[in-house]
Each structure stands twice: as structure tokens, then as C-alpha cells.
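Only one structure is covered here, and it is reproduced in the block below.
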Amino acid sequence: MSDSLETVFKLVGVILYLGVLLGIGAVASRRMKDMRDYFAGGKNLGFLGVAFSARATGESAWLLLGLTGMGAFVGVKAFWVVLGEVVGVSGAWLLMARRFKRLTDRYDAITIPDYLEARFRDDAQLLRRVAAVGLAVFVTIYVSAQIHATGAAFEGFLGWNYYLGALVGFVVVLIYITSGGFVAVVWSDVFQGLLMFLGLVGLPLVGFAVAGGWAPVSDGLAGIDPKLLSWSGEAGWSVGAVLSVIGLVTIGVGFMGSPQIFVRFLALRDEGEINKGAAVAILWTLLADSGAVLTGLVGRHLLTGPSDEVEAVLGLKAENVLPLLVEELLPLALVGLFIAIVLSAIMSTVDSLLVLAASAVVRDYHQQVKNPELSDEALVPLSRRVTFGLALVALAIAFSVAAVTGGQSVFWYVLFGWSGIAATFCPTLMLSVFWRGMTKRGALAAMITGFLAVPVLTFVIPKLGPAGALFAELSELPPAIVLSLIAGVVVSLRDPEGAQQLREVATELDEAAA
């Protein structure tokens, strides 16, 4: 079959996918009435939409390209990420969602900073300002990494120029989120989350059928490198290996408080949707994440041999294993579908984070801090403009990094953005729903500590000799989370005046836990 016909098949799949997204934006725009609709879907969403949206948003290009690549690069050790994500998603839905939903309904909050301000009685709005800064900084970095992945996906699958591919994805996302807001985001996430799930469950099944089952794959991996079948990634369990595994498992902690996830709990129509949503989200995570690792394993077996340099065949950190396996195993008509699946992982995160960052700037700073007299209805046009502006900043960052690195993989800054969001918000949100002793000063200390710890642990600590190298094995998120928790607890315990001011919060937390 000619290259031109192959390109046509691929383009048809991409065009159909992008057309569905634009249609979703057009339909969702009819439900846009005010700020509550734009940023929280009117707080009237069902469990299926929220569960799929939370999972599609929480995974991003990391799942389709990063975790599949990790499975090919380090082998079964990548299953520690699956364990961590299942634990994190389970904790978010089963331990925190109900309490958080009850509290946000009591406070009539439509954003995370709304909740923090009400929970800690922060009349000075310091928490809102810190939260807005944290979201604007780390979300923009995270979005820029996804835009980079969009360009790389178009380049890898279709042979397009990297910058053209990134621009196409950028424009489509902007059109449907600025028109339909949070509703468009959630509806598109259901569509995209379903595509991601089917792709990640189906592809390894096809791969194992072609390979003849697990036994030939296992034997092949052992022949390539026995460490691929080691749970430590090494011949034994060294200190570095243990720390590395801890770092992989704790990636899932980010789900227990990341604003882009918890704003979906806030948007549920009622708490009766939580148990059903938990079942969908946990099952999705277990099967899709396991499918990603298995895709990497079977791809390493089928596409490389013992004498091959993995990065020469599968790209940096083996991140091209999924697209190469798709083209190796599937009919041409399905290749376009898998391009859409990869784009789904990317765009489902970009849209959610842009709306989240816009809410921080427009609702949490411009309206609540600077212009409290403005009505919600008057701010919808500004929200669209801010969403567009933040997207342009993210696009500029993505193109700048691509120019500096030559378009190579920059998944380290995907994790940097994720870690920054998680360390800034997760400890504070966890303590806020479980511990009545958490004060406003403690929350500020926790958020600021987490915000600052991530860049320090990423860029400074690893350079401090052997101890720094061990911290690098651990990654920046676990110690940043611990430092943030310690700061929040210690400052709260040393703040009796703040505790006195929050006496009525104890009743609210007891009712939320009932």
C-alpha cells in the first residue's frame, strides 16, 4: 500500500476525532450561563462523567507514551507505578471524596481556593492568592509539556512538522474549551477516556496473541536483559533500588488532593454518585495502567533483540514503543484510531488544566480578591480570554523547550509539573478534611513549603554528592509531600490562636465524616 494512502487512513482517524471534540464544544456551549457552569459544570454532573473525566485528566501523555515506554525500558518494575496509582485513586475516591463533597457543598465552593478560604476562615484571602499562584505556575508548565507531546505525536505518527502538529492540537483544544468550559471538558473526557481504555486494554492482548502468550514474552525478555523481569530493576535490592520503587509508588499520592481531580468531586450532583464513580475509576486505573505496562513489555519483546540498543529502536526512554507496536500489529484502518487515542491522553489533560488555571486567575484572584462586586455572569467572557492567554504562555514554553532540546523527550518536566501541583495542594487538602487542628497558618506553611520544595529537590539537591544521588532515585515528589505535611502540622500545633478561631470547623468536619 502506498505511503499516500497510508497517510490518508491516518488523517481520517485524526479528523474524525478532532471533529467529535469540536462538536462537543458546540453542544456544551448551549449550557454555558455563568461562572458556575464554566468552572464546575453547574455542580450537577453524574458519576460516569466525573469518573472518566478524573481518570482521563489524571493520566495525560504520561500514560500512553511514558508508562508504556517505562514498561519497555525497565520491565516489570513499572508495575510499581500501577500499584501507586490504584492506591492513590482508591484513597481519593473512597477516603476523601465524600468528606470533601460535603464540605464544598456546605461552603458553596466552585473552585479549590473557594473551599480553602471557607474551610480556614481566611478573611485576608492569603490562601486564595497562594493557591492561584501555584496553579498558574505549575499548571502552565504541565500544559506546556502536553502541548510538546501533541507535536511529538503528530510528528511520529503522521510525519508532520513538530510545530505544526502542536499548533493543530492547541487550536482544537482552545476552540472547544473556550466555547463549552467545564461541561465540554467533562463530556470530551468521557469520549477520550473510553478511547484510552479500549486502546490500552486491547493492544497488549493483540501483542500477546501474536507473541504466543506470556511464556514466550517472558523468555524473550530474559534473553534481552534479565533485569526486565526483576521487580527491583536490578539483580537485587540495593538502597537505591528501594528508594526508586518508593518514588514510583508515591506518584499515585498526587491523586489524593490534586485540584484538577478534586474539582470533579466538587462538581458531582450529590454524594450518592461517589461509590459508583469509585468503582469505575478504580477499575479503569487497574486495567488501563496495567495495559500500558504490558504494552511496553510485549513491545520490547517483539520489536527489539538482545543486541539492540533500546533507545536506538524505540526512542529516548523507549517512549515510541506504542506507536511502533501499533504500526507493526494493527491493520492500517486502526492506526488512525490509535493516533486519536494518544491525542486523547494529551488533550484530556490540557483542557482540564487550562480551565483550572483560568479559574485561579479569574475567579480566585480577579473577582474574589480584586473586584468582589463583579457578578459571575459578567466574568464568562473574561474567563475565555484568560484561558486563551494561559494557553499561549504554555505554547511558548513548549516551543522554547523543543528548540533548546531539539524536540527530544522532556517527560521529566511532565513529572515536574505534576509534582509541583501535588506537593502544593495534596498535603493541605488531606489535612483539611481529616484533621480539625489544621489552621490557616498551617495551610499556608504547607502550601508554600510544597511549592518551593519541588524545584529545590529537582534542581539543587541531586547535585549534593552521594546523598543527592539517592534523593534523585527517590524523585522530588515523596520528600516534597513529607516536608509539606511536616510544615502544616508543626505550624498548626504552634498556632493556638488560629485553632481557637476554628472551633466551629470541628462540627463541620464531624458532620462531613458521619
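No value in this document is a laboratory result; all are computed from the given coordinates. Computed from a predicted structure; not experimentally measured. Positions of Cβ are backbone-derived with ideal geometry, glycine not excepted, and every protein chain shown enters the neighbour counts.
Assigning unit charges at the beta carbon (Lys, Arg +1; Asp, Glu -1) and nothing else, what dipole magnitude in debye, to the nearest 20, does the chain show about its Cα centre?
Roughly 1040 debye for the chain.
Taking only DSSP H segments of four or more residues, each worth -39500 (n - 2.57), what value at 222 nm results for the chain once the sum is divided by all its residues, to the nearest 500 deg cm²/dmol?
Calculated at 222 nm, the ellipticity per residue is -25000 deg cm²/dmol.
Whole-Hz Karplus ³J(HN,Hα) for region 51-56, in order, using 6.51 cos²θ - 1.76 cosθ + 1.60 and θ = phi - 60°, x for Gly and Pro?
For region 51-56, the Karplus curve yields 5, 5, 5, 5, 6, 4 Hz.
I need the phi-derived Karplus couplings for region 464-472: 6.51 cos²θ - 1.76 cosθ + 1.60, θ = phi - 60°, integer Hz, Gly and Pro marked x.
Couplings: 9, x, x, 4, x, 5, 5, 4, 5 Hz.
To the nearest 20 Debye, how big is the dipole of region 472-514 about its Cα centre, given +1 on the beta carbon of each Lys and Arg and -1 on that of each Asp and Glu?
Dipole magnitude for region 472-514 comes out near 160 debye.
Calculate how steeply helix 503-513 sits against the longest principal axis of the alpha-carbon atoms of the chain, using the helix alpha-carbon long axis, and give the answer as 0 to 90 degrees to the nearest 10.
Computed tilt is about 40 degrees.
Could I have the simple spin-label model distance between residue 234 and residue 246, label points 7 Å from Cα toward Cβ, reported in nm to one decimal?
1.4 nm
If neighbour count is taken as other Cβ atoms inside 10 Å, put 219, 105, 123 in order from fewest to most.
Ascending Cβ contact count within 10 Å gives the list 123, 219, 105.
Suppose we look only past 24 Å in the calculated P(r) of region 413-514. What percent of the Cα-Cα pairs does that tail hold?
For region 413-514, the share of Cα pairs beyond 24 Å comes to 32 percent.
In the chain, with Lys and Arg counted as +1 and Asp and Glu as -1 at Cβ, which of these residues, 293, 429, 56, has the Cα nearest the positive end of the dipole, that is, farthest along it?
The listed residue farthest towards the positive side: 429.
Which order do 117, 155, 309 fall in if you start with the one that has the fewest other Cβ atoms within 10 Å?
Numbers: 117 24, 155 17, 309 8.
Arranged by neighbour count, lowest to highest, 117, 155, 309 become 309, 155, 117.
Could you tell me the convex hull volume per residue, in Å³, taken over the Cα atoms of the chain?
That works out to 139 Å³ per residue.
Can you put 481, 282, 261 in order, fewest other beta carbons within 10 Å first?
282, 481, 261
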